[in-house]
Amino acid sequence: MAIDFNKVPSPCYVLDEALLRRNLQIISNVRDKAGVEIIVALKGFAMWSAFPILREYGFKHATASSLNEATLANEIMGTPAHTYCPAYSPDEFDEIVGLSSHITFNSLSQFEFFKNKIKSANENVSVGLRINPGYSEVKTMLYNPCAPGARLGIPAQTIGNSLPKGIDGLHFHTLCESSSYDLEKTLTVVEERFGHLFGQIKWINMGGGHLMTRKDYDTEHLIKLLQTFKQRYPHLHVILEPGAVFAWETGYLVSTVLDVVENDGIKTAMLDVSFSAHMPDCLEMPYKPVILGATDEEEGKPTYRMGGNSCLSGDYIGSWSFNNPLKVGDKIVFNDMIHYTMVKTTTFNGVRHPSIGIWNDKQGFRLVRRFGYEDYKNKLS
């Protein structure tokens, strides 16, 4: 059943439960056939009201990048986190380790700094290092962790022939909305440069960016790739920690036209949402999202640029064409806005933060959270 957007308040993020379950079925199929562990990365999908649904499909663990995320993993998922931080703060480290089953360091210097505190904080935690293979297929430099001078991960030449005592695993993360063939190329480089260390570890974490729920993704190739890797290294526990894959194309950001302004021949639909505050990836990546019922610019059709409601002059994206002219009160529904988008939102300008809801085909729309003044106030001092 299609979502009735007339029953959804504006602005609002809406998760379609049926679409989420479709993704979970795909991911769990890969997990079970490949014999690997797949955990959700909270940096990409932290809509914790949906976590009970994830647990139905056997997803009980999460990866964290901060004390807050590690706390959320324990509180809502009910399990300790797989934690990796680019740099740990001494005043948070003991608490983070206590909330973690795995703790991964970005550098040898951070491991050396904290190594004597690790087991005293949590004797059961498993310790790893993030490696940088120096190879990535990601074209957008903002998202490429292997760009020249990269600050994420340890190069092979820095580690040398042996790992420090106490290291159980290696972690690499070089993908971003990538294919299984990108992973295959990456694994070739990882094995060439770090394979001599595999006999010294118990687990390997292949990070995120495995977009196995995208329509053109070859999941069978991914399964075979992981199976053959495990055949080469049967002693290694293999972990994947994607974020976007869970919520890929599972929901929407519903907005409303507040005004239409025209200057220099450009018509801009002014919305009750902000690209800067509510859809920052559109400006960072950048990319042009899909709007339901609209197309790319077509000559002869009513065409509009979408404008956000913050004072940033560049808070706009465009252009889209519609079958009919837009008017105040029309709903504008952006597709694929549940992963990363929600976790990156801000209250810049104090603009109204979109509500969050879940659409269930049997029960209809359920409002999960509405944000107000106190949410804005409590972020400040």
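In the range 262-271, the count of residues that are more than 23 Å from the chain's Cα centre (by Cα), loosely packed, with under 14 Cβ neighbours inside 10 Å and outside any strand (DSSP E or B) is one or more.
A count restricted to the range 37-87 and to residues that are within 15 Å of the chain's Cα centre (by Cα) and among the basic types (Lys, Arg) stands at 1. Scanning the range 17-75 for residues that are more than 27 Å from residue 143 (Cβ to Cβ) and free of Cβ contacts under 8 Å to residues at least 60 places away in the same chain gives 21, 25, 32, 52, 53, 55, 56, 57, 58, 60, 74, 75. Do we have any residue at all in the range 59-71 that's more than 22 Å from residue 102 (Cα to Cα) and touching a strand residue (DSSP E or B) at 6+ places or on another chain (Cβ under 7 Å)? No, there is no match, as no residue in the range 59-71 is more than 22 Å from residue 102 (Cα to Cα) and touching a strand residue (DSSP E or B) at 6+ places or on another chain (Cβ under 7 Å). Which of the residues that make up the range 272-323 are among the aliphatic types (A, V, I, L, M), farther than 24 Å from residue 350 by Cβ and part of a strand (DSSP E or B)? Residue satisfying the conditions is 291 alone.
Results for (1) modelled with pLDDT under 95; (2) in contact with a helix residue (DSSP H, G or I) (Cβ under 7 Å, 6 or more places away or on another chain); (3) not aliphatic (A, V, I, L, M), shown as yes or no for each residue.
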| residue | (1), (2), (3) |
| --- | --- |
| 224 | no, no, yes |
| 245 | no, yes, no |
| 249 | no, yes, yes |
| 262 | no, no, yes |
| 285 | yes, no, no |
| 291 | no, no, no |
| 295 | no, no, yes |
| 303 | no, no, yes |
| 310 | no, yes, yes |
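Among 169, 134, 128, 153, which is the only one that is in contact with a helix residue (DSSP H, G or I) (Cβ under 9 Å, 6 or more places away or on another chain) and within 21 Å of residue 239 (Cα to Cα)? Outline the logic, then answer.
Details: 169 fails: in contact with a helix residue (DSSP H, G or I) (Cβ under 9 Å, 6 or more places away or on another chain); 128 fails: in contact with a helix residue (DSSP H, G or I) (Cβ under 9 Å, 6 or more places away or on another chain); 153 fails: in contact with a helix residue (DSSP H, G or I) (Cβ under 9 Å, 6 or more places away or on another chain).
Answer to the selection: 134.
Of all the numbered requirements in (1) closer than 30 Å to residue 372 by Cβ; (2) touching a Leu at 6+ places or on another chain (Cβ under 9 Å), residue 6 misses one, and that requirement is (2).
For the condition under 19 Å from residue 369 (Cβ atoms) and surrounded by fewer than 16 Cβ atoms within 10 Å (Cβ to Cβ), what is the one hit in 350, 357, 318? Talk me through it step by step, then tell me what you get.
On the way: 357 fails: surrounded by fewer than 16 Cβ atoms within 10 Å (Cβ to Cβ); 318 fails: under 19 Å from residue 369 (Cβ atoms).
On inspection, the qualifying residue turns out to be 350.
Taking the conditions exactly as written (in a strand (DSSP E or B) and within 21 Å of the chain's Cα centre (by Cα)), does residue 103 satisfy them or not? Explain how you work it out, then say what you get.
Working: in a strand (DSSP E or B): yes; within 21 Å of the chain's Cα centre (by Cα): yes.
Answer is yes for this residue.
Within the range 295-304, is even one residue without any contact (Cβ under 8 Å) to a residue 24 or more places away in the chain and under 22 Å from residue 11 (Cα atoms)? No, there is no match, as no residue in the range 295-304 is without any contact (Cβ under 8 Å) to a residue 24 or more places away in the chain and under 22 Å from residue 11 (Cα atoms).
Give 79, 83, 63 a once-over and let me know the one that is farther than 26 Å from residue 132 by Cβ and of a type outside the set (Phe, Trp, Tyr). Quick ask: steps written out before the conclusion?
Values: 83 fails: farther than 26 Å from residue 132 by Cβ; 63 fails: farther than 26 Å from residue 132 by Cβ.
That would be 79, the only listed residue that is farther than 26 Å from residue 132 by Cβ and of a type outside the set (Phe, Trp, Tyr).
The values are calculated or read from the model by the stated rules, or taken from the named source; none is laboratory data. Just so we're clear, the structure is a prediction, and the values are computed from it rather than from any experiment. Cβ atoms come from the backbone with ideal geometry, glycine included; neighbour counts cover every protein chain shown.
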